[in-house]
Amino acid sequence: MRDYQRTITAGSSITVQLTALVMTCKTFYLPVVVQFDGGSEQEAKSGSVFDRTAFGGFRVVTLINRNTVDVPVFFYLGETAVGYVPDDNAITLATNRCFGNLGVADGAAPLAGLPGCDANGHLIITDNMNLVVSGVLNGKRRSSIIIRVSSDSVHTLRIKGTLGQTFLHMLAADLIKLDVDDDLTFSGMGGDALCTIGQIFNG
């Protein structure tokens, strides 16, 4: 049994040559693609076990990182699977995902219907912007949304519900957590409102 700790740079691959029967993936920061002896591609992530005994084992393992970031990986190659308590799989096995500020980076300018964001991480919700914040992301339903208006926000944040009526007015330094998956509509009142929007999605 041999263990390997590698970092696969974004958009590249690594190859390991070793005659073995089983590959055990202990910790993969993000899922990658694995090929055995140049065969079909399969997803590899924390906790994956590839038992190739029925195929006579393998001699070459190729791991391909198609992510846009480097991915550290830790895996074993040998004759049997490696047993362990998968307490290090929190990233890939999480049942809920956090999504901050609609994916808008700090200091970003408005783009494609999304608001700009100041250097302190506050979204700039303009007067009558009518920004729709969906309750679904990549097919996953939102379980909670946390909204905080900056203490520096001069103007009130207006939030409308699914049917278009005003649901809530939030003033500077207001904070609320809502356990809803409705689409919500955000606008400033009389000028720019500064806020952060954090969402938690199931799955």
Residue ID - farthest from residue 113 (Cα to Cα), chosen from residues in region 144-187 that are crowded, with 18+ Cβ neighbours inside 10 Å and hydrophobic (A, V, I, L, M, F, W, C): 170
Scan 190, 139, 203 and give me the residue that is at pLDDT 90 or above and of a type outside the set (Phe, Trp, Tyr). 190
Any idea how many residues of region 162-176 are closer than 16 Å to residue 134 by Cα and either under 26 Å from the mean Cα position of the chain (by Cα) or among the aromatic types (Phe, Trp, Tyr) (or both)? 2
Considering residues that are at pLDDT 90 or above and under 22 Å from residue 14 (Cα atoms), the number found within region 81-104 is 0
Out of everything in region 127-161 that is small (Gly, Ala, Ser) and not in a loop (DSSP other than H, G, I, E, B), what residue ends up being nearest to residue 176 (Cα to Cα)? 144
Give me a count of the residues in region 22-52 that are out of contact with any Leu (no Cβ under 9 Å at 6 or more places or on another chain), over 13 Å from residue 65 (Cβ atoms) and among the aliphatic types (A, V, I, L, M). 1
Options 2, 59; residue that is modelled with pLDDT under 95, among the basic types (Lys, Arg) and surrounded by fewer than 18 Cβ atoms within 10 Å (Cβ to Cβ): 2
Taking the residues in region 111-126 that are assigned to a strand (DSSP E or B) and at pLDDT 95 or above as candidates, determine which candidate is surrounded by the fewest Cβ atoms within 10 Å (Cβ to Cβ). 116
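Yes/no matrix, rows are residues, columns are (1) without any contact (Cβ under 8 Å) to a residue 24 or more places away in the chain; (2) of a type outside the set (Ser, Thr, Tyr); (3) closer than 15 Å to residue 82 by Cβ:
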| residue | (1), (2), (3) |
| --- | --- |
| 20 | no, yes, yes |
| 25 | no, yes, yes |
| 37 | yes, yes, no |
| 41 | yes, yes, no |
| 46 | no, no, yes |
| 49 | no, yes, yes |
| 55 | yes, yes, no |
| 59 | no, yes, no |
Within region 5-28, the residues that are of a type in the set (A, V, I, L, M, F, W, C), at pLDDT 95 or above and either assigned to a loop (DSSP other than H, G, I, E, B) or outside the structural domain of residue 68 (by TED's automatic domain parsing) (or both) are 21
Please tell me if residue 196 is over 24 Å from residue 98 (Cα atoms), surrounded by fewer than 19 Cβ atoms within 10 Å (Cβ to Cβ) and modelled with pLDDT of 95 or more. no
Which of the residues belonging to region 29-70 are closer than 20 Å to residue 2 by Cβ, touching a Pro at 6+ places or on another chain (Cβ under 9 Å) and assigned to a strand (DSSP E or B)? 44
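The values are calculated or read from the model by the stated rules, or taken from the named source; none is laboratory data. Note that the structure is a prediction, hence the values are computed from the model and not measured. Reconstructed Cβ throughout: ideal geometry from the backbone, glycine too, with neighbour counts over all protein chains shown.
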